[in-house]
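The values are calculated or read from the model by the stated rules, or taken from the named source; none is laboratory data. Worth saying up front: this structure is predicted, and the values here are computed from it rather than measured. Neighbour counts run over all protein chains shown; Cβ positions are idealised from the backbone, glycine included. The protein model used for the area step is the full one, side chains on, heavy atoms only, and it has no ligands, DNA or RNA in it. Shrake-Rupley method; radii C 1.70, N 1.55, O 1.52, S 1.80 Å.
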Amino acid sequence: MATTPKAFYTGAASGTLQITTSLLKECKYLIQAKLTHQKILVLGLAHCLTDLIGAYITCNAPAYATKLLERLEPLPYSLFWWNALMRRAIRSGLPNEVLVLHLQMHRLGWRPDHYTFPFVLKACGELSSFRLGASVHAVVCSSGFNGNVFVCNALVTMYGRCSALGNAQKMFDEVFNRGIGDVVSWNSIVSAYSQNGESKNALNMFGRMMKDLSARPNAFSLVNILPVCGSMGLSMWGKEVHGFAVRNGFNEDVYVGNAIVDMYSKCELMDEADKVFGQMKVRDVVSWNAMVTAYSHVGRFEDAIGLFEKMSNEKIELNVVTWSAVIAGFAQRGLGYEALNVFRQMLGCGIDPNVVTLVSLLSGCASAGALLQGKEAHCYAIKCVLNQDMKDQEEDLMIINGLIDMYAKCKGLKMARKMFDLIEPKEKNVVSWTVMIGGYAQHGEANDALLLFHQMLGQHNYQRPNAFTMSCALMACAHLGALRFGKEIHAYVIRNEHDSTTPFVSNCLIDMYCKSGDIGDAQVVFNKMKLKNFVSWTSLMAGYGMHGHGKEALQVFDDMRKVGMVPDGVTFVVLLYACSHSGLIDEGIRYFSDMTKDYGVTPTAEHYACMVDLLGRAGRLCEALKLISDMPMEPTPIVWFSLLSGCRIHGNVEVGEYAANRLSKLDLQNDGSYTLLSNMYANANRWKDVARIRYMMKHTGIKKRPGCSWVQGKEGTTTFFVGDRRHPRSQQIYELLASLIERIKAIGYVPETSFALHDVDDEEKGDLLFEHSEKLALAYAILTTPLGTPIRITKNIRVCGDCHNAMTYISKIIEHEIILRDSSRFHHFKNGSCSCKGYW
């Protein structure tokens, strides 16, 4: 019996068992899933049942998963698990099981969706059951999915597998009459004719497809038609398809290459087949087998034997290459633990890993955050691969780069840096620099990332950064709001034309400009992009949202739809965020309502949190509470935190205490919720409660983050804390700030002493407010910034209300625009007003 790993359960100090979604996903054995199930029932954690279904599916226990599904209320978001069970059954070669699951769904009142029907239709096709397929077709029509292109394509394929070519053609014609046909529709009908030996009809349909400019053939189309050419000996047709593949770059696809080799061999044009085989950059076992079979077929036995021996010598089948490919496949899909399991099986078969195997394995460990297993791979590399005699130093570097990447992504930045420093400066390549810079940038060490990037550019043996290096450096600039450095990188990007070929660099530029307070340049970058993808649109929309330009964000959303981009859940999170931070209450409510009805996007906890934030900022706390009570899932900490934040703004202590209580039950060790509650009590002059909260924080080990503000200038980044007097120009800073405060008091500024959260008199509170870090940063910036130049300040937590008010007044009397970025959004102060319009 499999044992339960110690890490499988984590116990709190009280002994209470904590079962998390991530731990459920780690279930690899049925006994683990059963033990978890038992604990869920004992603790009454009903919200974990859906994740438990996934654990049972992972453990290949579909019967247990089905029993749990039978207990759930039929809801759209839970339908995923029925589809997951069907997908598993199809992949396991169990079509009958798919049909049983489909019937069971209907019996329990679940409504299939457009993902369900393709699985069911595929099962009917694999069973070659026309009767069952036609019955499912009737259900499709009655359910209203006969206008869905994915379902219709599955119907064409099913009828083809059932040899009902008339029905397949009729279904295909209906798809195009409705105007929803695509390249998959063409591929399905060509495949239907091809699989049933109707070669002439297959060629006819392919010919029609070539004339349809709206659905150009893809690699799968060519793989469909090339066997038809070969089987009919139509070498001229085959050569035309080969030419099309070369012109469109499909000849580099291994499947297309294999199909071309097979076509020429069946047409007995072995010289052409051998030439294509020799030109193939990537060959698999099918490629080799096709040539061996072809040589045998035409009687060239010596060539066939020679190729076979070559295969044996190169160990094509189930050798290290095969295993490495499987491991790499899992790693690239983020399935790190699966990659680790395959690696263990490989060692069990007595096959020694190579460099590619280890690099792929380390990538898998990185994607899974499996630091312990990554260390095991490191040990194996030291013992068996690294520093071997006659070893290729480039291969050693590949492994070391993989180790740096693994440690960095597993948050072992110190170890990653040690590995990086072990490489001789002249031996480091662009990958070495990029993975280390990226590791720093991804884990919030932006200063270290930019310092290392600067070292990379200044090294003696200059390593030219690539597009990935640029993206990592821009990510660090965005984190710091380092506009000056970001612009320097942008200039480098333009000079080296990284932005013209790689959209993700331009996307990072948009993000950097947005987070550095220059939304105008972000729009310019966006406008100049030749290829815009989903991230491009979302990044710009998010930028307008964080700057309080809600209407501009909505316009980007409308433009995005006009070009055919389909909004998803992420889009609506960004959209609702923009509405919340711009006071667009009615628009936010409308989009939240429309996202399911018009776009088919089911709201998640993140969407509900945005709505609670939107309503909370507007003071509609009762509506926010009602929305939380109506949530179809358990409210997450961010939902309650959003409600608590709204209560802090509007001074509703009663609801705030309720939200804080719910947060404490979630055992969230976060200083933000305690700070908000403490501030709310302070505003209400409930100093005993303030003391109680601070006592709780002290004795639970929760520390409040100190307020910190920094300014980017010619001399680099200058940082200030509350009451900071370390700067050499400290006296000038405080004198200027005192002068500014006196001047704005004369035009109406009154210190908001409610933000000095200490039980002292108003005069002392005013002195405390005077020393806030953002005010000190502003005074320093005024001293060091040329007149008319915008001042850019970044603060690590939300700006204080009094500082916000003071900066609004100060912007009246200085010749600078003040651009302040806090932990929530941007504030643009100019001529006595702020862009946030009070929604902050």
On the given criteria, is A553 modelled with pLDDT of 90 or more and either in contact with a Ser or Thr (Cβ under 7 Å, 6 or more places away or on another chain) or open to solvent by less than 10 Å² (accessible area, probe 1.4 Å) (or both)?
yes
When both residues are 6+ apart or on different chains and their Cβ atoms are under 7 Å apart, which pairs have a first residue that lies in the stretch 277-291 and is without any contact (Cβ under 8 Å) to a residue 60 or more places away in the chain, and a second that is exposed (fewer than 15 other Cβ atoms within 10 Å of the Cβ) and not β-branched (V, I, T)?
K281/E252; V285/E317
Number of positions in the stretch 381-395 that are at pLDDT below 85 and not in a loop (DSSP other than H, G, I, E, B):
5
Of residues in the stretch 786-840 being touching a Pro at 6+ places or on another chain (Cβ under 8 Å) and not hydrophobic (A, V, I, L, M, F, W, C), the one farthest from L676 (Cα to Cα)
H816
Run I810 past the list (1) at pLDDT below 85; (2) over 29 Å from the mean Cα position of the chain (by Cα) and report the number of the one that doesn't hold.
(1)
Of the numbered conditions (1) out of contact with any His (no Cβ under 9 Å at 6 or more places or on another chain); (2) outside any helix (DSSP H, G or I), Y658 satisfies every one except a single condition; which is it?
(2)
Which helices (runs of 4 or more DSSP H) does the stretch 219-266 wholly contain that include 3 or more residues that are open to solvent by 50 Å² or more (accessible area, probe 1.4 Å)?
219-232, 235-247
Please state which of the following conditions Y440 fails to meet, knowing it meets all the rest: (1) open to solvent by 70 Å² or more (accessible area, probe 1.4 Å); (2) touching a residue at least 24 places away in the same chain (Cβ under 8 Å); (3) out of contact with any His (no Cβ under 7 Å at 6 or more places or on another chain); (4) not acidic (D, E).
(1)
Could you list, in sequence order, all residues of the stretch 171-185 that are under 34 Å from the mean Cα position of the chain (by Cα), open to solvent by less than 10 Å² (accessible area, probe 1.4 Å) and within 15 Å of F206 (Cβ to Cβ)?
S185
If a residue has to be under 22 Å from R792 (Cβ atoms) and loosely packed, with under 14 Cβ neighbours inside 10 Å to count, how many in the stretch 701-728 make the cut?
7
For the stretch 484-500, check the following and say yes or no: at least one residue is touching a Gly at 6+ places or on another chain (Cβ under 7 Å) and in a loop (DSSP other than H, G, I, E, B).
no
Between residues in the stretch 500-527 that are over 18 Å from H547 (Cβ atoms) and not assigned by the TED database to the domain that holds H490 and residues that are crowded, with 23+ Cβ neighbours inside 10 Å and hydrophobic (A, V, I, L, M, F, W, C), which pairs lie under 8 Å by C-beta distance while being six or more apart or on different chains?
none
Given the criteria at pLDDT 85 or above and in a helix (DSSP H, G or I), does L361 qualify?
yes
Checking the conditions here, which among T675, T719 is under 33 Å from the mean Cα position of the chain (by Cα), assigned to a helix (DSSP H, G or I) and without any contact (Cβ under 8 Å) to a residue 60 or more places away in the chain?
T675
Which fully enclosed helices (runs of 4 or more DSSP H) of the stretch 64-149 have 3 or more residues being within 22 Å of A33 (Cβ to Cβ) and open to solvent by less than 50 Å² (accessible area, probe 1.4 Å)?
79-91
Criterion first (more than 26 Å from the chain's Cα centre (by Cα) and free of Cβ contacts under 8 Å to residues at least 60 places away in the same chain) does L576 satisfy it?
no
Any chance T596 is open to solvent by 50 Å² or more (accessible area, probe 1.4 Å), polar (S, T, N, Q), not assigned by the TED database to the domain that holds S506 and not in a loop (DSSP other than H, G, I, E, B)
yes
Which of (1) open to solvent by 30 Å² or more (accessible area, probe 1.4 Å); (2) touching a Pro at 6+ places or on another chain (Cβ under 9 Å) is the odd one out, the single condition M529 does not satisfy?
(1)
Is it true that S199 is open to solvent by less than 60 Å² (accessible area, probe 1.4 Å) and either at pLDDT 90 or above or among the hydroxyl-bearing types (S, T, Y) (or both)?
yes
Name the residues in the stretch 204-217 that are surrounded by fewer than 17 Cβ atoms within 10 Å (Cβ to Cβ), of a type outside the set (D, E) and not in a helix (DSSP H, G or I), would you?
L213, S214, R216
